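Shown next, in structure tokens, is the structure this report addresses.
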């Protein structure tokens, strides 16, 4: 559920952006990243296609959140490079798309093979992840 909620929030945050990215969009990305870190637990290791599909879904959302976090700095960097005043919206989109692809591929491999999972004995199903400290 946390994965789906973060995906929807990330898509909405990016879709409603008018003009250049603002610092608050990066703040939203950080908040979503924190929520994912706290609420999302990767499934137990499996083999076969199912493991790849589950890893791909999580990696896609994680990469989207990464792009949201980096949206403002990337936008500022691209605009600084294109100081001639030209249209940089397409360039920012391409850079963020490339970052998403790189993030997706790295997260896919990490989630599929090397992700650190909390041992079952350490988790208490009766505790709420947000209220337990």
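The values are calculated or read from the model by the stated rules, or taken from the named source; none is laboratory data. The structure presented is a predicted model; accordingly, all values stated were derived computationally and were not measured. Virtual Cβ from ideal backbone geometry, glycine too; neighbours counted across all protein chains shown.
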For residue 97, which of the numbered conditions (1) surrounded by 14 or more Cβ atoms within 10 Å (Cβ to Cβ); (2) at pLDDT 85 or above; (3) over 12 Å from the mean Cα position of the chain (by Cα) fails to hold?
(1)
Number of positions in the stretch 26-53 that are free of Cβ contacts under 8 Å to residues at least 24 places away in the same chain and assigned to a helix (DSSP H, G or I):
7
